[in-house]
Amino acid sequence: MTRLLAVAWKELLQLRRDRLTLAMMVMLPLVQLMLFGWAIDTDVRHIPTAVLDHDRTAASRDLARSLAATGSCDLVGDLRDEAELTRALRAGRARVGLVIPARYAESLARGRPVTVQLVVDGSDPQSVTGATQAMGGLVAQRATVMLMSRAGVRAPPLSVESTTWYNPDLRTAVNIVPGLVGVILTMTMVMLTSMAVARERERGTLEQLVVSPVRRWELVVGKILPFVVIGYVQMTLVLIAGRVVFDVPVAGSLGLLYAMSFAFIAANLSLGLFFSTLAQTQQQAMQMSFFFLLPNILLSGFMFPREAMPEPAQWLSEVLPLTHFLKIIRGVALRGAGFEDLRAELVRLCVILGALVVLASLRFRKTLA
Amino acid sequence: MGADTVVETEGLGRRFGSLVAVRDVSLSVRRGEIFGILGPNGAGKSTTIRMLCGLLTPTSGRGTVAGYDIAREPERVKTRIGYMTQRFSLYEDLTVKETLTFYAGIYGIGGRARRERVDEVLARNGLVARRDQLAGTLSGGWKQRVALSCAMLHSPPLVFLDEPTAGVDPVSRRAFWDEIHKLAAEGTTVIVTTHYMDEAERCHRVAFVFKGAILDAGSPAEILARRGLRVAEVECSDRAVFERLKQDPRVDDVAPFGARARVTTRDGADPTAVVREAMGDAGAAPVEVRADLEDAFVSMVRAESRAE
């Protein structure tokens, strides 16, 4: 125990001297939270929209204004002809063009079918979906109202009333904040551990430790113990800042969340140790950590829904600890899920943890001698 | 193995795949002895030391260190030895006192005993005034002193020093060796590897390691006597004389030292006579000087290379 504590104490002393790393430990979660919390909004609004109105009546102007009123589209100008529409889209001045045919108002009044045209710039599919959906909804609603008045009924025969639980305003931040806890832990835990061991190797101090009677497990546990504490500090920081700045509360039990997070933190630390056995220098350790981070951000479901991914990508994401942790933390923090609800995910996470511990200790044993 | 024998090995060997790093090393080191292991880079010095420290398992032969078998009880060996690495690597961002406290903890010394021992070691090595200085800001000589203090914290009966004076100024080197002799006088056994032959002469006994085996071992005087080398120095820069001397079968080596030539003869041949013959009457008078371990070392390695 003396030996283990000596190692942990030494790591803390070194960490305290390393002001830059320490500052990064605190600033990184906060800066990332601000960046992801504010900048990422998958609900695309205010798409620049140009109108080519061949009708130029009160009714046609009303249609364009109604589209703008949905908030999805911003009207950026009237066009005179099709050539101007082409130019506006090509130059990127408008992403969407609304074309209203001549005799729009007259046809509506006489009950003749009318088709308005929506031309969208498909080069960024995500951004224009909002416009087509808004226009679709708007036109369907108007058509229904017209049919209802023609048929003389008060209410539509079929309608839907959707109720959104857990995040009624569908704010992206609610999804991002708990996810960010996982991403930040993945990044700092893996990087810190791999670099801490690589640094000893690089400076030659590892050799001095290996000839001492300190056992491997004492060395490993002593080294990563301070990082476990750092991990929990970062997690707490993000949760508090998420609460204060983005109004994202933790619905479920904090105790359960912190307890289940231990498996995730331990998995990342083991992975960091494994990387450190491959890396000869701190720089290599850092590069490996970054290389590992990318698939985590892309595949874990942090930014993009896993349901939309092709199957091989989904399988791959199953081995990432973050994938399972995201389900756990989003479950506890947003939906108030309990232990029973998340047991399956915890088991998977623990299987990954076990595999990583075995892998890391096998490699560590070999490379130390 | 006698009560006073601290290290004993028989035919110790280690291969890495097809590479034989150490072929056959048999050693016996007594308590309180300063034992030097000499040899060119890649001769197998480091591998030998690593086996003696319990870091590497020998692939042939056997050995005991401080009473424990190096192959079967390496963890016990580690508690009984001190070890100072080649670059005496310290944590640059820890103070001297923190460094010592850390290593004391690593060797299982805790609580009050640790504080007392650290203070004692600080005082003994003249580190009290520098105890709060970061190790990274110390000069080479001070770093070396801290590293030695770390290796000696748990009062081991045996300490390994792997090229302990690389990159250290001559004054610090001298002070360091005085400390080594002090330790030995107190009964600590010291095993040291070095490239410097003047340091080798300060050892009680040395072993020459070459190509994974011991060429010769004994006190510096014994080794010199066995080689039968004699040396003369003479003012001379005439290449023709050099060539004539090199052809002489009695001559082992001719080396220029500034304006002088250092001529080594084998089998007790009088070097001044040999030089006078080669130079004729015109030359300056040669002076016989004491042969040193470097002469013996060069002679041994050359002879070994010629034999192959």
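Bridgeable aspartates and glutamates around A:K10 (alpha carbons under 14 Å apart, same-chain partners fewer than 8 residues away excluded): A:D18, A:E200, A:E218, B:E92, B:D93, B:E98.
Comparing A:L316, A:L349, A:L239 in a Gaussian network model of chain A, where Cα atoms under 10 Å apart are tied by springs, the biggest mean-square fluctuation is seen for A:L316.
Which whole DSSP H helices in chain A pass both tests: a Cα extent of 30 Å or more along the axis and a mean Kyte-Doolittle value no lower than 0.5? Length and hydropathy pass: A:172-203, A:216-246, A:254-278, A:339-368. Here is the size of segment A:1-64 from its Cα atoms: Rg then Dmax, 28.4, 87 Å.
Here the calculated FRET efficiency for B:R244 and B:S60, from their Cβ-Cβ distance with R0 = 56 Å, stands at 0.75, rounded to the nearest 0.05.
For B:L55, neighbours were defined as the other residues whose beta-carbon sits under 12 Å from its Cβ, and their charges (Lys and Arg +1, Asp and Glu -1) total 0. Pairwise Cα separations in segment A:92-153 fall into 10 Å bins from 0 onward with the following percentages, short to long: 19, 42, 27, 12, 1. Shape class of segment B:1-78 from the alpha-carbon gyration tensor: oblate, with a/c at 1.5 or above and b/c at least as large as a/b.
For A:S162 and A:R365, the FRET efficiency from 1/(1 + (r/R0)^6), where r spans their Cβ atoms and R0 equals 56 Å, is about 0.50. Counting, for every residue in A:203-209, the Cβ atoms of other protein chains within 10 Å of its Cβ and taking the mean gives 6. Between B:D253 and B:T264, the built amide H atoms are under 5 Å apart, and every one of these is 5 or more places off in sequence or on another chain. Here the relative contact order of segment B:143-210, from alpha carbon pairs under 8 Å that lie six or more residues apart, stands at 38 percent. Count Lys and Arg as plus one, Asp and Glu as minus one, and take only other residues whose Cβ is under 12 Å from that of B:V209; the net charge is then 0.
Annotation: for a label point projected 7 angstrom from Cα along Cα→Cβ of A:D74, residues of segment A:87-124 with backbone N closer than 12 Å are A:94-95. Rounded, prolate or oblate: which one fits segment A:259-345, using the alpha carbon gyration tensor with axes a ≥ b ≥ c (rounded when a/c is under 1.5, else prolate when a/b beats b/c, else oblate)? Here segment A:259-345 falls in the oblate category. Here the convex hull built on the C-alpha positions of segment B:45-124 has a volume of 115 cubic angstrom per residue.
Most simply put, chain A has about 25% antiparallel DSSP beta bridges, counting only bridges with both residues inside it. Near B:V118, once Lys and Arg are set to +1 and Asp and Glu to -1 for all other residues with Cβ below 10 Å from its Cβ, the sum equals +1. Taking other C-beta atoms within 10 Å as the exposure proxy, B:H181, A:H324, B:H154 rank B:H181, B:H154, A:H324 from fewest upward.
Angle of helix B:170-185 to the longest C-alpha principal axis of chain B, folded into 0 to 90 degrees and rounded to 10: 70°. Take each residue of peptide B:83-90, count the partner chain Cβ atoms within 10 Å of its Cβ, and average: the result is 4. Between segment A:211-268 and segment B:51-117, how far is it from one alpha carbon centroid to the other, in angstrom? Centre-to-centre distance over Cα atoms comes out at 32 Å. Note that the protein assembly as shown, at 25 °C in a medium of 0.890 mPa s, gets a Stokes-Einstein diffusion coefficient of 77 µm²/s from its Kirkwood radius over C-alpha pairs.
Axis angle, to the nearest 10 degrees, between helix B:111-124 and the longest C-alpha principal axis of chain B: 30 degrees. For segment B:25-127, the relative contact order is 13 percent, taking Cα pairs closer than 8 Å that sit 6 or more residues apart in sequence and dividing their mean separation by the residue count.
Ranked for footprinting exposure by Cβ neighbours inside 10 Å, fewest first, A:I240, B:I70 give A:I240, B:I70. Peptide B:44-54 has a mean shielding of 1, counted as Cβ atoms of other protein chains within 10 Å of each residue's Cβ. The angle separating the long axis of helix B:96-106 from the principal Cα axis of greatest extent in chain B is about 70 degrees. If only the Cβ of Lys and Arg carry +1 and only the Cβ of Asp and Glu carry -1, the dipole of the protein assembly as shown around its Cα centre is close to 1560 debye.
Secondary-structure-derived ellipticity at 222 nm for chain B, considering helices only, amounts to -11000 deg cm²/dmol, per-run term -39500 (n - 2.57) for DSSP H runs with n ≥ 4.
With the helix formula -39500 (n - 2.57) applied to DSSP H stretches of n ≥ 4, chain A reaches a computed 222 nm mean residue ellipticity of -23000 deg cm²/dmol.
With each label modelled as a point 7 angstrom along the Cα→C-beta vector, the B:E186-A:V221 pair spans 3.4 nm. Specify whether the C-alpha gyration tensor of segment B:1-44 places it in the rounded, prolate or oblate class, a ≥ b ≥ c being the square roots of the eigenvalues: rounded for a/c under 1.5, otherwise prolate if a/b is larger than b/c and oblate if not. Because a/c hits 1.5 or more and a/b fails to exceed b/c, segment B:1-44 counts as oblate. For segment A:114-119, putting each phi into the Karplus relation 6.51 cos²θ - 1.76 cosθ + 1.60 with θ = phi - 60° gives couplings of 10, 10, 9, 10, 10, 9 Hz, in residue order, rounded to whole numbers and with x for Gly and Pro. Near B:T189, the amide H atoms lying under 5 Å from its own belong to B:G32, B:L158, B:V159; only residues 5 or more places off or on other chains count, and H is placed 1.01 Å from N. Inter-part distance, segment B:231-308 to segment A:304-319, computed on C-alpha centroids, equals 79 Å. DSSP assigns beta bridges within the protein assembly as shown; of those with both partners inside it, close to 55 percent run antiparallel.
Calculated FRET efficiency, B:R72 to A:F339, Cβ-Cβ distance, R0 = 60 Å: about 0.80 to the nearest 0.05. Each Cα pair under 8 Å and six or more residues apart adds its separation to the average, and for segment B:52-206 the resulting relative contact order is 25 percent. Taking the average, over residues, of other Cβ atoms within 10 Å as the packing measure, peptides A:179-186, A:145-152, B:56-63 rank A:179-186, B:56-63, A:145-152 from highest down. Is any residue of segment A:263-302 close enough, with backbone N under 14 Å, to a label point placed 7 angstrom from the Cα of A:R19 along the Cα-Cβ axis, and if so, which? Taking a point 7 Å out along Cα→Cβ of A:R19, no residue of segment A:263-302 has its backbone N under 14 Å. Of all DSSP-defined beta bridges confined to chain B, some 65% are antiparallel rather than parallel.
Sorting B:81-87, A:279-285 by average packing, meaning the other beta carbons within 10 Å per residue, from highest down gives B:81-87, A:279-285. Orientation-averaged projection of chain A equals 24.4 nm² [convex hull of Cα atoms, one quarter of hull surface area].
Quick note: the coordinates plus some simple rules give every number you see, no bench work behind them. Source: prediction; values computed, not measured. When we count neighbours, we look across all protein chains shown, and the Cβ atoms used for this are built from the backbone with ideal geometry, even at glycine.
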